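The numbers here are math on the coordinates, done by the rules we state, and not lab data. All of these numbers come straight from a predicted model, not from anything done at the bench. Note: ideal-geometry Cβ built from the backbone for every residue, glycine included; neighbour counts use all protein chains shown.
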């Protein structure tokens, strides 16, 4: 065998080993239970600044179809875990504003009973779970409220890519079984 053939055979072998090493974790079954934490805090200095570091701990969740996502709110504020379309995931500050004005945040606030649809006034939410389709989290519009320092769990019935935000703090966002939104 010539040197070139040996070199090609060696390169092919190395590429095959690397490909196998990458493929093996991808073939592993997705976990049936994952945890998503809400973390961070807000700071307000009158007439100076406001900052908010609240976010979901993970940008991307991988969970098996039919699995569960445990939602743990470690903050002093309520949050939602709300499914949206990929297009509805805010990418810039204007997207955060639009979420309330004409996007899913305003609509979900009404559906959760946190905003009176007739007067537009905020009120204590009366509907902790909004479910648009069959039971479980499987389509945009499904949403659950997680009170401060509370835990909730939702079943993920879809094997597809799902995107989520907090409808109260829409800069908190992520994806299930899809690349993390950026």
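Within region 31-176, what percent of beta bridges assigned by DSSP are antiparallel, to the nearest 5? The partial results should precede the final answer.
Numbers: 26 of 35 bridges.
Counting DSSP beta bridges with both partners in region 31-176, the antiparallel share is about 75 percent.
On full extension, the segment bounded by residue 91 and residue 37 gains 17.3 nm, given 0.36 nm per residue less the C-alpha separation.
As a footprinting exposure proxy, order 93, 173 by other Cβ within 10 Å, with the fewest listed first. It would help to have the intermediate numbers written out before the result.
Working: 93 9, 173 25.
Fewest to most other Cβ atoms nearby, the residues stand as 93, 173.
Distance from the C-alpha centroid of region 70-95 to that of region 122-182: 8 Å, rounded to the whole angstrom.
Averaged over residues, the count of other Cβ atoms within 10 Å places the peptides 117-126, 63-72 in the sequence 63-72, 117-126, highest first.
Rounded, prolate or oblate: pick one for region 57-123, where a ≥ b ≥ c are the square roots of the eigenvalues of its C-alpha gyration tensor, a/c under 1.5 means rounded, and failing that, prolate if a/b is larger than b/c, else oblate.
prolate
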